[in-house]
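The values are calculated or read from the model by the stated rules, or taken from the named source; none is laboratory data. Worth saying up front: this structure is predicted, and the values here are computed from it rather than measured. Reconstructed Cβ throughout: ideal geometry from the backbone, glycine too, with neighbour counts over all protein chains shown. Calculation scope for accessible area: heavy atoms of the full protein, side chains included, ligands and nucleic acids excluded. Shrake-Rupley method; radii C 1.70, N 1.55, O 1.52, S 1.80 Å.
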Amino acid sequence: MTAAAAAAAAGQQLYLVLLQLHGTFAARQITAASSQQQQQQQQQENIPSSSTVQHIMQSLADKLQLAGYSGLAESYAQLLLPLLTADSASWTASSSNLLAFMPLLQTADAECLGRLLPEVVKVLNPILSDHDRDAALRLNLLKLLDSLMEGTQTAAAFSGDNAGLVMAKVIMPPLVWRAGKAAAAVRFQAITALCTLISSNLAPPEVLLAAAASEGGLLPLLAQCLDEDWYSDVRHTACYVMQLLLEQVGSQLNDEARRAIYPELLKRLDDSSNKVRIAACAALVAFIQSAGSSYCSTNSGYLAAGVILHMDDGEQDVAEAACKVGFAVCGFAANVAVNMSASSRLF
């Protein structure tokens with residue numbers, strides 16, 4: 001073995017150890033963050049942290065003449081990924097290989113991560129599709145995904161075809177309703193990740209339209225989230241995701257999809273949370289604007305009738321949000337606006 005080959009092999013082993021340490025220290029920091037006493041004890045005892053490991057990674061990269069920890073990932077990730085995920089079927093939230101797998105993705109740049117994603121999805125799909133797997137594990141993986149899509153150095157990895165792959169195989173499966181508080185927590189993290197994907201404009205229009213058009217696909221899952229009975233934040237985020245979807249591809253949806261959307265949003269106008277009611281109004285405005293003036297007057301009339309009752313709601317913020325929906329109807333459906341003015345003392 002040449003000196004260069006020996007250095008590369010040693011570098012891979014050191015990188016693997018550093019990934020394991022990084023993941024272990026990061027998990028400890030999250031635990032300590034919830035306990036001020038533990039956090040103070042770690043600081044007093046000068047216990048190494050994940051940031052310490054990052055400095056060591058940088059030193060290793062310098063010795064190997066690589067471009068930082070992203071250079072380490074570029075050189076070794078393809079080799080390490082199958083080793084770290086070989087036991088993924090038995091992972092729990094504290095599995096050592098999982099703790100190394102997470103920083104492997106976090107330290108990769110967008111180009112490297114983009115190449116890894118198809119294989120990563122193959123690992124994540126069985127875990128996130130299995131509602132009987134450890135809820136903490138599924139939550140941690142969805143949080144990881146969300147942070148990667150938000151990261152300035154990693155977000156681009158999820159664009160193009162990868163957006164459709166991640167949406168269909170990683171984000172949508174845990175959105176399927178299951179009973180229990182733990183399942184609801186997983187749904188919230190999944191809808192949050194979906195919100196990040198769409199709000200960051202990572203998913204091309206054709207990907208969003210394909211997801212919306214598929215039977216049992218995105219629209220039925222969003223409808224389930226709009227009816228969430230555990231956390232109002234799931235309903236609120238689902239309203240915002242619906243708004244984003246309508247703003248980006250609403251004009252290209254067919255009438256069947258539109259008929260499936262607006263009744264679900266109208267239901268949220270009677271939600272127990274004012275935050276959800278206001279978010280539903282914003283989504284309805286996006287619905288009306290995307291449907292345009294050619295939209296069926298009958299359905300526009302049903303929509304308007306559902307909004308009128310809330311335009312003089314006792315909660316001022318809700319009433320103002322409902323009025324914005326009414327004004328949007330007036331701008332795109334003049335004949336419906338005449339009926340609204342006859343039905344409401346606000347016009």
- request: With a 10 Å radius around each residue's Cβ, average the other Cβ atoms per peptide and rank 137-150, 273-286, 300-313, highest first.
  value: 273-286, 137-150, 300-313
task: Could you state the angle between the C-alpha long axis of helix 96-106 and the longest principal axis of the C-alpha atoms of the chain, as a value from 0 to 90 degrees rounded to the nearest 10?
output: 70 degrees
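Where Lys and Arg each count +1 and Asp and Glu each count -1, what net charge lies around R178 among other residues with Cβ under 10 Å from its Cβ? Walk me through the numbers before you get to the answer.
Working: positive: R187; negative: D132.
With Lys, Arg at +1 and Asp, Glu at -1, the neighbours total 0.
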Whole-angstrom gap from segment 104-151 to segment 235-254, using each part's C-alpha centre: 24 Å
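Leaving ligands, DNA and RNA out of it, report the carbon-plus-sulfur percent of the accessible area of segment 110-172 at a 1.4 Å probe. Mind showing how you got there, number by number?
On the way: 1260 of 2520 Å².
Of all accessible area on segment 110-172, carbon and sulfur atoms account for 50 percent.
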- request: Roll a 1.4 angstrom probe over the protein heavy atoms and tell me the percent of accessible area of segment 188-347 that is carbon or sulfur.
  value: 50 percent
statement: Taking Cα atoms, the helix 3-33 axis meets the longest principal axis of the chain at an angle in degrees (rounded to 10) of 50 degrees
message: Using 0.36 nm times the number of residues separating Q153 and K63, minus their current alpha carbon distance, what extension gain do you get?
response: 30.1 nm
- request: Using a 1.4 angstrom probe, figure out how much accessible area the chain has per residue, in square angstrom, rounded to the nearest whole.
  value: 47 Å²
- prompt: What net charge do the residues around A67 carry, taking every other residue with its C-beta under 15 Å from that of A67, with Lys and Arg at +1 and Asp and Glu at -1?
  reply: -3
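Hey, could you get me the Stokes-Einstein D for the chain, Kirkwood radius over alpha-carbon pairs, 20 °C and 1.002 mPa s, rounded to whole µm² s⁻¹?
Numbers: Rh = 22.4 Å.
It comes out at roughly 96 µm²/s.
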- request: Report, to the nearest 10°, how far helix 181-199 tilts away from the longest principal axis of the Cα atoms in the chain, using its own Cα long axis and a range of 0 to 90°.
  value: 80 degrees
field: J(HN,Hα) series, segment 249-260, from Karplus relation 6.51 cos²θ - 1.76 cosθ + 1.60, nearest Hz, glycine and proline x
entry: 9, x, 5, 9, 6, 7, 5, 4, 5, 5, 5, 7
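Residues with beta-carbon under 15 Å from that of R235, excluding R235: net charge, scoring Lys, Arg +1 and Asp, Glu -1?
On the way: positive: R187, K267, R268, K275, R277; negative: D227, E228, D229, D233, E264, D270, D271.
Neighbour charge sum, excluding R235 itself: -2.
Using just the helices of the chain, give the 222 nm mean residue ellipticity in deg cm²/dmol: DSSP H runs with n ≥ 4 each add -39,500 (n - 2.57), and the total is spread over all residues, rounded to 500.
Working: 17 runs with 250 residues, N = 347.
Taken over the chain, the calculation gives -23500 deg cm²/dmol.
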task: Sort 69-78, 247-256 for me by packing, meaning the mean count of neighbouring Cβ atoms within 10 Å per residue, highest on top.
output: 69-78, 247-256
